[in-house]
Structure formats: C-alpha cells, structure tokens
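One structure below.
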Amino acid sequence: MSENLVQPQSLYDQDYCAWVEEQAQILSDMKEGNDGAKVLDYENLIEEVLSLGRTDKDAVRGQIIRICIHLLKWRYQPERQGSSWWDSVRDGRDVIARKIDDSPSIKREIGGMVLKEWKYIKRCAIDEMTRGNKNSKNARVKLGRNIPDGPIFTVDEIISHRSTVLCTHLFVDEFQEIFGFGNRQYGDAFAVYQARQERGEDLNLYDVEEALRWKSRDESDDPEGPNGPKW
C-alpha cells in the first residue's frame, strides 16, 4: 500500500542532463511551430533560469568576501603585508570585472553584499590575523574593538584596480618583489611613488606598473612619450 503512495521521480530528478536536452528540444519544436511539442517543465525551468543569475552573484559575493578580508588584514596588520595579499586582491577584482562585463546589473548589488556579509568578513579577518598568536584572545578583543561593525570600504575601493587602499603602508621589499629585483627602472619608479605619497596624492601600484611598462616600451624612441603618465 505504502509503495503506491511514493511519487515517481521526474526526469529532472533522475537525469539532469537528459532533462536539459529534453527542454531544449521542446523549445526548438515550439520555435518551429510544432503543434505536437511536449509541454515544458515550467516549474523546474523557471528555477533553473533564476539559478543562473544566482550563480554569478554567488561568485561575486565570494570574491567580495575574499578581497575585503585581505583589505582588512592590509590595514590592521601592516607588518605582514606582502605581494601574496596584493595578488589575491588583484585576482578577485579580475573575476568581478569579468562578471560585471557579462552582467552589468550585478554591480548595483555589491554594496548590499558587503553590508550583508560584513560581520562574517570581520570575523574571518580576525581569525586569520590572530592565527598562531600566543595571545590570540587579547588580540581578538583588540581587533574586534578597532575594526568597525559596518563596512569601511566603498564599492570602488573594493573592486577597482585604481583603488589606493593597498598603498597606505607599502614596504620597499614588497614593491621589489612585485615588480622584480634588479629592474633597471625600479629606482626611478619607486622614487616617483614615494614623492607623490609624501605630497598626499593618490597613487596606486597599477599607476607605477603602467609607468614601468611605458618606459620600457617607449623610452628609447621618445623620452617624453606621447601617451605616457604625467607625473
């Protein structure tokens, strides 16, 4: 008796790939005006279409969390700043940029994502900054008080490669590690970086990196460079 009450599984539950192919065939038949086309599985089809958007949003959300954790560590643990954090932030921004290129409307939701995830971001950042610390309890309490309970970075500071957040406490050795030891142009580029920072002007590593590329490409032909950075 109980066996008769068990609902048979739909193709969607039994074989997802076969279900996708079936729905695609039905849509094709409908486009061709085939009156004998089967009825679409509207309930599951609607859910799948919506899930496509959720997948991209979840990917952006994950990168936002990753970037914000590194930005907090960069600000509150400057003695451990390094190129690995910089690389991770850069990679995260690249992923987000590609998602926004595909779906520009996602950018409007980033502020809400940061606000919703901030408590988790703060907790993860504190966990990472106190890991291995003998006085981790005291360190956690101090960081918990110092890090605000609400977002401290704007959307542009999080996702833009032109953000200056990562330049506040940049050390010379990290700069060298990023751009390579023994680079002939390193000294001039870093001198420019230091001078502008001392004047309180905004400058990020992408500006300096672009200057290095420009000098390497155009220096021999045109010292001024028609499109070079105007320091």
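The values are calculated or read from the model by the stated rules, or taken from the named source; none is laboratory data. These numbers come from a predicted model, not from an experiment. Glycine also receives a Cβ, built like all others from the backbone with ideal geometry; neighbour counts cover every protein chain displayed.
Considering only residues in region 145-169 that are of a type in the set (D, E) and either closer than 17 Å to K73 by Cβ or not in a helix (DSSP H, G or I) (or both), the one that is modelled with the highest pLDDT turns out to be D149. If only residues of region 1-18 that are over 20 Å from E48 (Cβ atoms) and assigned to a loop (DSSP other than H, G, I, E, B) are counted, the one that is modelled with the lowest pLDDT is M1.
Across region 98-126, the number of residues qualifying as touching a Gly at 6+ places or on another chain (Cβ under 7 Å) and either among the charged types (D, E, K, R) or over 11 Å from I65 (Cα atoms) (or both) comes to 1.
Within region 28-49, the set of residues being modelled with pLDDT under 80, surrounded by fewer than 10 Cβ atoms within 10 Å (Cβ to Cβ) and not β-branched (V, I, T) comprises K31, E32, G33, D35, G36. Scanning region 129-158 for residues that are loosely packed, with under 14 Cβ neighbours inside 10 Å and in contact (Cβ under 8 Å) with a residue 40 or more places away in the chain yields a single hit, N146. Just one residue in the set R66, R98, R123 is closer than 30 Å to I147 by Cβ and surrounded by 15 or more Cβ atoms within 10 Å (Cβ to Cβ); that residue is R66.
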